[in-house]
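Colleague: Handing you a structure now.
Bear in mind that the values in this text are calculations on the coordinates, not laboratory data. None of the values given here were measured: they were computed from a predicted structure. Every residue, glycine among them, receives a Cβ derived from its backbone with ideal geometry; neighbour counts consider all protein chains shown.
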Amino acid sequence: MKTIYTDQPRSAEEYLAPRADDWSDYRVRALAEGEKYLAAIDGILELVRENAHHSEEDGKVADSTVEAMISTGLFRSFTPLQYGGLEMAPAAFYEGVMRIAEADSSAAWIAGQLNIHAYEIALMDKRMQDEFWVDGPDTRASSSYAPIGKWEEVEGGYRLNGTWTFSSGVDHASWVILGGRDRNFVVPIEDVIIDHNSWDVQGLKGTGSKAVTLTDVFVPRYRTHHLIDTYNDQNLGWEVNNRPLYWMSWLSLFNSTPVNTAIGTALDGINIFIEQSRVRLTRQGTGAPAAQNPFLHLKVAESLSGVRTVKQRQLNTWREFFDIACEGKEVPSIDRMRLRYETAEAIAISFESLTHLWPIAGAAASASFNPLQQKLRDLMAARNHGSAGKELAAGQYVKAIFGLEPAPFSDFGTLAFYK
């Protein structure tokens, strides 16, 4: 039966009906797409690593690196099938980002950020989807969800003015998603002015997370994601994308994206430390090889084990969550809040894994040319991201454990508890 699209969402009951169908074939296909994607990712890692210095020097990821990532299917991971997308199992996508992060932290960061927004577009009005993917399934959007710009409702939509900051990967985007507390606006890149001088940082420099300014930009209503639709299980996009991938928690997926960069960066940093320690001699005492230091042994074991543990926890959780979606079920809020805490904790553990090794890295680690410097700076930047707020995430998780009333839905931040 052909789906007839309308401006108005159907009832939640109508949207829930397909969840009783058998989605086992869908699951098998999504997992197979993930395996092909991971094999393709392995084929570009040498190029990504060779280009990593451009990220640091230019303040944006090299165009050839982005083209290589496009070739793997990365940016169509969450694009709907009807637009040429893969609707891939999320765990595979996240693992691919981890692998990229071992070669270039900034490339991994924008890989995650530019792709996860396709998922939000898939929840929106079909007209928005048609416009977004008119040029192909690899279309990319950057974002700035902090509602620091201004908007007013006008006939047929909204008028935006002001500056939104920290739009990661905006140099490689065709659209920008801008936050307005309880709604998000999708704007063509031609309607914004990128402030290339706004990005002056020491960590994750290649992400190019620059500010964008809008002056009297009109955004039609259909290019607006009203978060109340997600809260009410009445996403307009479900008119055409009523399938397991899009039944998952959009904010769980979003908040789980930065941690993959932190994990991959930490693993590469630990490996760099190990390789440098193979040939380093201690300059005090006997001058014995650093690799024979028993204190170093313990620190390396602790750091490596900690990061590998949170890596597997992250991937296993998303395998479990996707299986639940393919069974037509919803992940309970307590488990989503557990994931929210665990992702924040994993970023902290990734950062601490390298700081744990730093006191025994030797004086040469302070040299600006030492690659450990960049790894540490990138992890410091990741640790300050909003998704890394371990304390807030712990509060939400433990409130769910005790059955305490959460904050009522009002905006982007509070939606995470509910959906």
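Colleague: Dipole size in debye (nearest 20) for region 12-138 around its Cα centre, Lys and Arg Cβ +1, Asp and Glu Cβ -1?
Modeller: 220
Colleague: Quote to one decimal, in nm, the extra length available between Ala32 and Arg49 on full extension: 0.36 nm per residue of separation minus the C-alpha distance between them.
Modeller: Full extension from Ala32 to Arg49 adds 3.5 nm.
Colleague: Mind listing the phi-derived Karplus ³J(HN,Hα) values for region 161-178, rounded to whole Hz, using 6.51, -1.76 and 1.60 with θ = phi - 60°, and x for any glycine or proline?
Modeller: Coupling constants for region 161-178: 9, x, 10, 10, 10, 6, 9, 4, x, 4, 5, 10, 10, 9, 9, 10, 9, 10 Hz.
Colleague: With θ taken as phi - 60° and the coefficients 6.51, -1.76 and 1.60, list the Karplus ³J(HN,Hα) couplings across region 74-88 in order, rounded to whole Hz; mark glycine and proline as x.
Modeller: Those phi angles translate into 3, 7, 10, 3, 10, 6, x, 4, 5, 9, x, x, 9, 6, 7 Hz.
Colleague: Test of understanding: what is the full-extension gain from Asp195 to Arg313, defined as 0.36 nm times their sequence separation minus their Cα-Cα distance?
Modeller: 38.6 nm
Colleague: Turning to a different aspect of this structure: Under the definition of Cα pairs under 8 Å and six or more residues apart, what whole-number percent is the relative contact order of the chain?
Modeller: Dividing the mean separation by the residue count of the chain yields 18 percent.
Colleague: How do Leu372, Leu304 line up, fewest other C-beta atoms within 10 Å first?
Modeller: Leu304, Leu372
Colleague: Moving on. Rounded to the nearest Å, what's the spacing between the alpha carbon centres of region 275-340 and region 75-142? Just the number, please.
Modeller: So the separation of the two Cα centres works out to 26 Å.
Colleague: Within the chain, which complete DSSP H helices have Cα atoms spanning at least 20 Å along the helix axis and a mean Kyte-Doolittle hydropathy of 0.0 or higher?
Modeller: Qualifying helices, which must be both long enough and hydrophobic enough, are 90-103, 105-122, 258-279.
Colleague: Could you size up the charge dipole of the chain around its Cα centre, putting +1 on the beta carbon of Lys and Arg and -1 on that of Asp and Glu, and report it in debye to the nearest 20?
Modeller: 1240
Colleague: Separate question: May I ask you to list the lysines whose Cα is less than 17 Å away from that of Lys419, ignoring any residue fewer than eight positions away on the same chain?
Modeller: Counting by Cα, and skipping residues close in sequence, Lys419 has these lysines nearby: Lys329, Lys399.
Colleague: Same structure, new question: Within the set Lys299/Lys390; Lys205/Lys375; Lys36/Lys60, which residue pairs have Cα atoms separated by over 18 Å?
Modeller: Pairs exceeding 18 Å: Lys299/Lys390; Lys36/Lys60.
Colleague: Compute the distance in nm between two label points, each set 7 Å from the Cα along the Cα-to-Cβ direction, one at Asn271 and one at Gln373.
Modeller: The two pseudo-label positions are separated by 2.2 nm.
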